[in-house]
Amino acid sequence: MHYITLIFIFIQLSLNAQSDNFLLNLDCDDFAQNISANKRMNVDLINLERYNSLKNDTLAKKKKILIENLELTKSFEKNFPNKISKHCVNSKIYETDSIRDLSFCNDGYNIKLIEKKFNFYIFKLDAFEIDSYLLFDTKSQIIYAINNYPQIIKEGKIILDFGYEYGGQNAFNFYFIEDKDISYFEYRIPNQYQIKDYKILNSSTNNPKILVHLIKYGYKEVPNKKELGKKYEYDKEKFCEKIIMFN
C-alpha cells in the first residue's frame, strides 16, 4: 500500500513539474496558425522596422458604440418589418460559404440596433454567455453574425471581425461582398497571443491591407497566501511579439 502511494505521489509531482515548466518556459516559436477560406489573401510575418514604416498610413477605426439608437430602430422597423426585433430574428443568414433561412424568438435574447454603416444596420446581441453582433445588409437582406465589434470598409464591401472567437481562439475574419457574391477568409491563432493593436492601412486594391500586432506574455510565480498550491500571473517583462500583415 505504501509503495503504491509513493508511486502516486511521484507521478503527481512529475505532472506538477511539467505543468510548471510549461508555464514558465516561454516558447516564441510556438505559433500555431489555421486558415479556412474561399478567398485568397497574403499573410506575412514582418519585422518591427517594416511595421513602423507602414503604420502611419492608416484609416481611422470606427469607435465602439453600444447604446441603442431609437431613431434608427424606427427607420429599420418601417423599412424592414418583422426582420429583427428585440427578441426575434426572421431573415436569411450567411454561414461559412452558405446562406440559410433563420427564424426564431427567444425572450432570453436582447437585440438592440446601435448604428448604421454604409448599407449595414449593426445590432448588438446580448444573451447568457453570448456577446456578439448581427449585421443586416439592406441590399441583400442577409444577416452576418460576428463575435466582435465590426469594422466595415471599402464602402460596405468588406467586413472585419477581429478578436476572441467562441471555442478559445483569436480569429481574424474577413467577409468580402460583391453584389450577390460573398467570400470569406478566416485566420485563427491560439488565445495565448493577445491582440495588442491592429491598423487598417490605406489600400488601392480590392483587398484590405491590415497590420496586426500580437503579444504573448510569459508567467511568473507569485505568493499564494490564501490557497494551497502555486499561483502564477503574467510576467510583463517577459514576452513574445508577432506582427502580421494581411493583404
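Of the listed requirements (1) in contact (Cβ under 8 Å) with a residue 24 or more places away in the chain; (2) more than 19 Å from the chain's Cα centre (by Cα), Asp179 misses just one: (1). With respect to the conditions (1) within 30 Å of Glu233 (Cβ to Cβ); (2) modelled with pLDDT under 90, Leu6 falls short on a single one, namely (1).
Among residues belonging to the range 129-139 that are more than 14 Å from the chain's Cα centre (by Cα) and either of a type in the set (D, E, K, R) or assigned to a loop (DSSP other than H, G, I, E, B) (or both), point out the one that is farthest from Asp97 (Cα to Cα). Per the stated criteria, the residue is Glu129.
Within the range 176-191, can you find the residues that are more than 14 Å from Ile35 (Cα to Cα) and crowded, with 18+ Cβ neighbours inside 10 Å? Selection gives Phe176, Ile177, Ile182. When we screen Lys196, Lys226 for residues that are surrounded by fewer than 16 Cβ atoms within 10 Å (Cβ to Cβ) and modelled with pLDDT of 90 or more, the only hit is Lys196.
Residue by residue, here is whether (1) closer than 26 Å to Tyr94 by Cβ; (2) in a strand (DSSP E or B); (3) in contact with a Pro (Cβ under 6 Å, 6 or more places away or on another chain) holds:
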site	(1), (2), (3)
Phe185	yes, yes, no
Ser204	no, no, no
His213	no, yes, no
Tyr219	no, yes, no
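Taken as a whole, the range 165-173 holds no residue that is in a strand (DSSP E or B), over 30 Å from Ile67 (Cβ atoms) and not assigned by TED's automatic domain parsing to the domain that holds Tyr94.
Among the residues making up the range 125-153, a single one is at pLDDT 95 or above and on the phi > 0 side of the Ramachandran plot: Gln141.
Out of all the residues in the range 140-156, is one or more exposed (fewer than 15 other Cβ atoms within 10 Å of the Cβ) and within 19 Å of the chain's Cα centre (by Cα)? Scanning the range 140-156 turns up no residue that is exposed (fewer than 15 other Cβ atoms within 10 Å of the Cβ) and within 19 Å of the chain's Cα centre (by Cα). Criterion applied to Leu72, Leu125, Leu113 was being part of a helix (DSSP H, G or I) and more than 22 Å from Ile200 (Cα to Cα), and the one residue passing it is Leu72.
Please determine whether any residue of the range 110-128 is in contact with a His (Cβ under 8 Å, 6 or more places away or on another chain) and not aliphatic (A, V, I, L, M). Among the residues of the range 110-128, at least one is in contact with a His (Cβ under 8 Å, 6 or more places away or on another chain) and not aliphatic (A, V, I, L, M), which makes the answer yes.
The values are calculated or read from the model by the stated rules, or taken from the named source; none is laboratory data. As the structure is a computational prediction, the values presented were derived from the model and not from experiment. Methodologically, a virtual Cβ is constructed for each residue, glycine included, from the backbone with ideal geometry; neighbour enumeration extends over all protein chains shown.
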